[in-house]
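Report on the following structure.
The values are calculated or read from the model by the stated rules, or taken from the named source; none is laboratory data. As the structure is a prediction and not an experimental result, all values here were calculated from the model. So basically every Cβ, Gly included, is an ideal-geometry build from the backbone, and we count neighbours across all protein chains shown. With ligands, DNA and RNA removed, areas are computed over all heavy atoms of the protein, side chains included. Shrake-Rupley method; radii C 1.70, N 1.55, O 1.52, S 1.80 Å.
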Amino acid sequence: MKLSPLQTARYQYQPKLPGMLRNGVSEICVEEGEPTQSVADQEKIRELFPNTYGKKEIVFKKGKNTSKAGKQVVGVILSGGQAPGGHNVICGLYDALKTTNKDNVLYGFKNGPIGILNDDYVVFDDEFINEYRNTGGFDIIGSGRTKLETEEQFEVAAEVCRRHGINAIVIIGGDDSNTNAAVLAEYFAAHKTGVQVIGCPKTIDGDLKNDDIECSFGFDTATKTYSELIGNIERDANSAKKYWHFIKVMGRSASHVALECALQTQPNICLVGEEVAAKKMSLNEIAEYITDSVANRAARGMNFGVAIIPEGIVEFIPEFSVLIAEINELLAGAKADEFNALPTWQEKYEFIEKGITPESMKVFALLPQGIQQQLFLERDPHGNVQVSLIESEKLFSALVKEKLAQRKKAGTFKGKFSAQHHFFGYEGRCAFPSNFDADYCYSLGYNASMLILYGYTGYLSKVSNLSKPAEQWVAGGMPITKMMNIERRNGKDKPVIRKALVELDGKPFQYFAAHREQWAVETDFVYPGAIQYYGPAEVCDATTRTLALEKE
Ligand code: FBP
């Protein structure tokens, strides 16, 4: 493999651990806190997790290590979408295991949870692991979206662990994967397998956070990468002064990524799905809102601007989600074949018109034809519209264009409007982790090993106080059941980790709301530039604005 100079340099970077994990494994002891309760539905969650519910929060401290020093054989799994820093979780876990006892073994199950089901693995050694230190990507063992959730799968996982003498599994994943980690931990405990399960909070979407988990890893690097690109586009817009840029950013559901990018770059417009839902904003209202900014800026001679659109936005627009639900219903089962067999778009259009309510048809008729057709092209394995594939950046710019044409006719708009479209998603998921993510991830992995050593199961590796320098970070663990509640999923009540949406009364959104009117008409762009790995701490180690504001 040919290495870039940065990759070679990053191999040498020594990630920073929380102060209490820096004194060597023999100097790490545990302080137990109070027994925990789930955030809601306590009775039901307790019933479902009789062996792992109600355990105590724990914090590691400097002091004599009192764990049993047996040999550890651990398996690790990467689950779901890539997030910068995943390699470092594994490196931190490996280093801690080997520092504790050089005979400890780390298995990496390949290509996500399917790896443990197929007993497809690698065994890590120094040479292998050193190639991945401080690098982006999940290619060290690959990832996948298979869910570990059925009894049969758990039996197979238990058998694979028995075969290799594995005494703990570390699952690096988002809210769903860690929910499944808790269920697996309960199964292993109930069946007295002796296998512990520890989770690590991952996702660029930033929606795995709560009172205990300050942020998921990857969010920092991904948002800094997108913000660099958005800042570059802002500078281009401000130089050429002829385009409005509509930029969609990843985030399957919650708008944390869009909001963070807006806080970093101060664009003219940033939509926040959670606000759209709370205000029950219609497509038309959102389009009017953007059009006003375009017109106001044009009136000041600025025929350019930048609008950030979160990937998940359409699901938050009430009338749009009703439309999608009706389309899903309309095309359920054999009806999809009937629809697909229709030879022309005209005939398909009539089929749709007959099959959905007049209210939804009104919304459908508003959409540009390209978007209308996207609603019928790509279906997920359950036959549903894949909303993340809808090009909402094009949808909004088309609606704005139409509105401006009407205003032009009425003589109320005299400017020009020309749009460019971008989607930033995969560009950020495998970037070289920022120093923050490199440090945080290494600490999460190192910490997971300590949780295993001390015999905990059903815990999420927890590193907090993250807005402070790493020396002051606090390492410990939190029972996953504490983060759970009961939600309706696929027609059934399920215990799940509560997904964190943007809180409209939270400081990040409040800061944005207090400034956006000004940003909408002025050119107050901020150009963050590329992530820096070497240089002053205030440039290289800064956390996200979201975290800084939340911890103010
Ligand atoms: P995770 O929740 O698994 O971390 O993945 C999040 C995400 O990156 C979303 O932002 C995006 O919508 C989705 O994955 C894309 O998924 P895929 O990698 O399957 O295209």
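Within the stretch 1-21, the set of residues being without any contact (Cβ under 8 Å) to a residue 40 or more places away in the chain and open to solvent by 80 Å² or more (accessible area, probe 1.4 Å) comprises Lys2, Pro5, Gln12, Gln14. What is the residue count in the stretch 174-198 for residues that are more than 16 Å from the ligand (Cβ to nearest atom) and either touching a residue at least 12 places away in the same chain (Cβ under 8 Å) or outside any loop (DSSP other than H, G, I, E, B) (or both)? Of the residues in the stretch 174-198, 16 are more than 16 Å from the ligand (Cβ to nearest atom) and either touching a residue at least 12 places away in the same chain (Cβ under 8 Å) or outside any loop (DSSP other than H, G, I, E, B) (or both). Condition test on Leu466, is it part of a loop (DSSP other than H, G, I, E, B), open to solvent by less than 10 Å² (accessible area, probe 1.4 Å) and at negative phi? Spelling it out, Leu466 is indeed part of a loop (DSSP other than H, G, I, E, B), open to solvent by less than 10 Å² (accessible area, probe 1.4 Å) and at negative phi. Taking residues in the stretch 409-432 that are modelled with pLDDT of 95 or more, and partners anywhere that are acidic (Asp, Glu) and outside any loop (DSSP other than H, G, I, E, B), the pairs with Cβ atoms closer than 6 Å and at least 6 places apart or on different chains are His421/Glu393.
I'm trying to understand the selection: among the residues of the stretch 15-48, which are among the hydroxyl-bearing types (Ser, Thr, Tyr) and part of a loop (DSSP other than H, G, I, E, B)? Show your work before the answer.
Looking only at the stretch 15-48, we keep the residues that are among the hydroxyl-bearing types (Ser, Thr, Tyr), and these are 26, 36, 38.
If the condition is that a residue be among the hydroxyl-bearing types (Ser, Thr, Tyr) and part of a loop (DSSP other than H, G, I, E, B), then Thr36, Ser38 are the ones that fit.
Within the stretch 65-110, the set of residues being part of a loop (DSSP other than H, G, I, E, B), within 16 Å of the ligand (Cβ to nearest atom) and touching a strand residue (DSSP E or B) at 6+ places or on another chain (Cβ under 8 Å) comprises Gly80, Ala83, Pro84, Gly85. Quickly run through the stretch 199-209 and pick out the residues that are on the phi > 0 side of the Ramachandran plot and either hydroxyl-bearing (Ser, Thr, Tyr) or more than 10 Å from the ligand (Cβ to nearest atom) (or both). Within the stretch 199-209, Thr203 is the sole residue that qualifies. Here the condition is being more than 16 Å from the ligand (Cβ to nearest atom), closer than 27 Å to Thr203 by Cβ, in a helix (DSSP H, G or I) and in contact with an Asp or Glu (Cβ under 6 Å, 6 or more places away or on another chain); of Phe396, Phe436, it holds for Phe436 alone. Across the stretch 144-173, the qualifying residues are those that are open to solvent by less than 30 Å² (accessible area, probe 1.4 Å) and closer than 17 Å to Thr203 by Cα, and the one among them that is farthest from the ligand (Cβ to nearest atom) is Val170. Only one of the numbered conditions (1) within 28 Å of Lys499 (Cβ to Cβ); (2) hydrophobic (A, V, I, L, M, F, W, C); (3) open to solvent by 10 Å² or more (accessible area, probe 1.4 Å) is violated by Ile45, and that is (3). A single entry from Tyr426, Tyr446 fulfils the requirement of being open to solvent by 10 Å² or more (accessible area, probe 1.4 Å), within 16 Å of the ligand (Cβ to nearest atom) and farther than 15 Å from Gln196 by Cβ: Tyr426. Say whether the condition of being over 22 Å from the mean Cα position of the chain (by Cα), at pLDDT 85 or above and open to solvent by 40 Å² or more (accessible area, probe 1.4 Å) is met by at least one residue in the stretch 378-395. Yes: one or more hits.
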